[in-house]
Amino acid sequence: MTLLSPFGWIYSAAVRLRNRLYDRGSMRSFPLGAKTISIGNITTGGTGKTPIAALVIDILSRSGEKVCVLTRGYGRKTPTRRVLVSDHEKLLADAEIAGDEPVELARRFLGRAIVVADADRVAAGKWALDKFGVTAFVLDDGFQHRKARRDLDIVCINAVDPFGGGKLLPAGRLRERLSALARADAFVITRSDLADTGKIINILKRSNANAAIFHASTRLKNILTIDDFRLDPLKTGVVAVERPFVFCGLGQPDSFRSNLTAWGIEIAGIRTFRDHHVYSNADIRSIESTARIAGAGCLLTTAKDAVKLNDLDIQMDCFVVLAEAAVTEEREFEDLVIGAVHSKETEH
């Protein structure tokens, strides 16, 4: 028992009550008017959810759907305001207003998806449906957002730290008890190349025997200069970098470091910040000073971090890693996603 355990019990009781009310129909889930796929998790921070969401967006857009991403936009300056991050063709907001992950997704899918940041995803979905004629919604971080009805519920499980120490917030990182996994339609075990997944699969099967289980790893897509990333994030071609100094604000920075090693990138050092960190020029000066002491000739960061660097004075050469999720059971996963949006109305 820890000092935080009593707060965990209170949190657990509140979550159980809320789920019971939804399960009994006392609290209602509302359809968004188009097929809806939720990508979520059962723990806080760093499950590799955003790359899986991006993969789902890619599958849907390639199959001809008009896709809208609905996201809360964690860490943004105006959390209660609805922000149209991208209208499909143009990027309309920055990370300060919309949040880093929504802007990252909007930049990546310009011309292929609409992105809306709003805490009330039901209201945002109905607004986007009327305004844009959306045919498929993707709920980013939607597992606990039960107010929005979904046709496919995908839960990401981080192979490196699957269940947040087994304790509920705030004592651990579990958002819900493992029994909540019974609601899922499919699990994606992310970073499955970095850990043994046998025990995880056993726990998932005990929690939900009917859900499909997929394995995913993170694959290097591009390395761009910061200038190229700002001008054309869709540019192809990996730039060679030699012993860069890495900085990032991620939920699981150790996994990012492991990926860099797996991709053959030897780093001079790393500076980590809290997830969703907002950078200042003072941060950049400190990073550059540490990088020079470490003997690095350049900096390297993630796309999620890079969208927050636009107005900062970076003097050293800086490069941006663009990564993507690769699901081992690629065809089966694609069939699951497309099948969800092409199926008849889901019964509730």
Inter-residue pairs, beta-carbon under 9 Å, first without any contact (Cβ under 8 Å) to a residue 12 or more places away in the chain and in region 244-273, second in a loop (DSSP other than H, G, I, E, B), 6+ apart: T261/I267
Within region 64-116, tally of residues that are in contact with a His (Cβ under 9 Å, 6 or more places away or on another chain) and hydroxyl-bearing (S, T, Y): 1
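May I ask you to verify whether T71 is closer than 30 Å to P170 by Cα and open to solvent by less than 10 Å² (accessible area, probe 1.4 Å)? Before the answer, list the steps.
Numbers: closer than 30 Å to P170 by Cα: yes; open to solvent by less than 10 Å² (accessible area, probe 1.4 Å): yes.
So T71 passes the test.
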Meets criteria (under 28 Å from F214 (Cα atoms), hydroxyl-bearing (S, T, Y) and crowded, with 17+ Cβ neighbours inside 10 Å) for T44: no
Quick one: count up the residues across region 63-85 that are without any contact (Cβ under 8 Å) to a residue 60 or more places away in the chain and under 11 Å from A113 (Cβ atoms). 1
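Scanning for something touching a helix residue (DSSP H, G or I) at 6+ places or on another chain (Cβ under 8 Å), in contact (Cβ under 8 Å) with a residue 24 or more places away in the chain, part of a helix (DSSP H, G or I) and aliphatic (A, V, I, L, M), does region 207-221 turn up at least one residue?
So the first thing to find is which residues in region 207-221 are touching a helix residue (DSSP H, G or I) at 6+ places or on another chain (Cβ under 8 Å), and the list is 207-208, 211-218, 220.
Subsequent filtering for residues that are in contact (Cβ under 8 Å) with a residue 24 or more places away in the chain retains 207-208, 211-218, 220.
Filter once more, so that each one left must be part of a helix (DSSP H, G or I): 207.
Adding the requirement that they be aliphatic (A, V, I, L, M) leaves none.
Scanning region 207-221, I find no residue that is touching a helix residue (DSSP H, G or I) at 6+ places or on another chain (Cβ under 8 Å), in contact (Cβ under 8 Å) with a residue 24 or more places away in the chain, part of a helix (DSSP H, G or I) and aliphatic (A, V, I, L, M), so the answer is no.
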Matching residues in region 130-183 (out of contact with any Ser or Thr (no Cβ under 9 Å at 6 or more places or on another chain) and at pLDDT 95 or above) number 7
Open to solvent by less than 60 Å² (accessible area, probe 1.4 Å), of a type in the set (G, A, S), within 30 Å of F30 (Cβ to Cβ) and not in a helix (DSSP H, G or I), is that true of G172? no
Going through (1) open to solvent by 20 Å² or more (accessible area, probe 1.4 Å); (2) assigned to a loop (DSSP other than H, G, I, E, B) one by one, G165 fails only at (2)
Using the structure shown, decide if L84 is surrounded by fewer than 18 Cβ atoms within 10 Å (Cβ to Cβ) and of a type outside the set (D, E, K, R). no
Do the conditions hold for K235, that is, is it of a type in the set (D, E, K, R), open to solvent by less than 40 Å² (accessible area, probe 1.4 Å), assigned to a loop (DSSP other than H, G, I, E, B) and at negative phi? no
What are the pairs, 6+ residues apart or on separate chains, where a residue within region 1-25 that is more than 19 Å from L181 (Cα to Cα) and surrounded by 11 or more Cβ atoms within 10 Å (Cβ to Cβ) has its Cβ under 9 Å from a residue that is modelled with pLDDT under 65 and not hydrophobic (A, V, I, L, M, F, W, C)? T2/G8
Here is a list: I37, I52. Which entry is closer than 17 Å to A182 by Cα and modelled with pLDDT of 95 or more? I37
Could you check how many residues of region 87-129 are within 19 Å of E65 (Cβ to Cβ), open to solvent by 10 Å² or more (accessible area, probe 1.4 Å) and in contact with a Ser or Thr (Cβ under 7 Å, 6 or more places away or on another chain)? 2
Right, G166: farther than 19 Å from A340 by Cα, touching a helix residue (DSSP H, G or I) at 6+ places or on another chain (Cβ under 9 Å) and free of Cβ contacts under 8 Å to residues at least 12 places away in the same chain or not? yes
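The values are calculated or read from the model by the stated rules, or taken from the named source; none is laboratory data. In this text the structure is predicted, and so the values were computed from the model without any measurement. For neighbour counting, all protein chains shown are included, and Cβ atoms are generated from backbone atoms with ideal geometry for every residue, glycine included. These accessible areas exclude ligands, DNA and RNA; they are computed on the full protein's heavy atoms, side chains included. Shrake-Rupley method; radii C 1.70, N 1.55, O 1.52, S 1.80 Å.
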